[in-house]
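Here's the structure we're looking at; comments come further down.
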């Protein structure tokens, strides 16, 4: 029985295309929080949340709200507080592909 062409050969891994595995470059404002090196969107989100938790910026009464400190305020477009959902949109405005 003949084998199909390519059968058993190692297939190269496909490069990540987008979504949370996409690598992005933070701008200067966001780099203050997550660093300036290129980072995946998944790691970017993790580092932003680590920063929020470390500095106790999640609102005590409304846990869906994030309070801005001096470093987050420029990322949040000058707002003192944003929701988790707004935060994602605002953070994405501070990265380039």
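Quick rundown of the values:
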{"quantity": "Search result, residues across the stretch 59-73 that are in contact with a helix residue (DSSP H, G or I) (Cβ under 8 Å, 6 or more places away or on another chain) and farther than 12 Å from residue 87 by Cα", "calculated": "71"}
{"quantity": "Helices (runs of 4 or more DSSP H) enclosed by the stretch 13-97 - at least 3 residues per element that are touching a residue at least 40 places away in the same chain (Cβ under 8 Å) and surrounded by 15 or more Cβ atoms within 10 Å (Cβ to Cβ)", "calculated": "28-34, 41-54"}
{"quantity": "Residue 4 vs. criteria modelled with pLDDT of 95 or more and out of contact with any strand residue (DSSP E or B) (no Cβ under 8 Å at 6 or more places or on another chain)", "calculated": "no"}
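The values are calculated or read from the model by the stated rules, or taken from the named source; none is laboratory data. In this text, all values refer to a predicted model and were calculated from it rather than measured experimentally. Ideal geometry is used to build each Cβ from the backbone, glycine not excepted, and the neighbour counts take in all protein chains shown.
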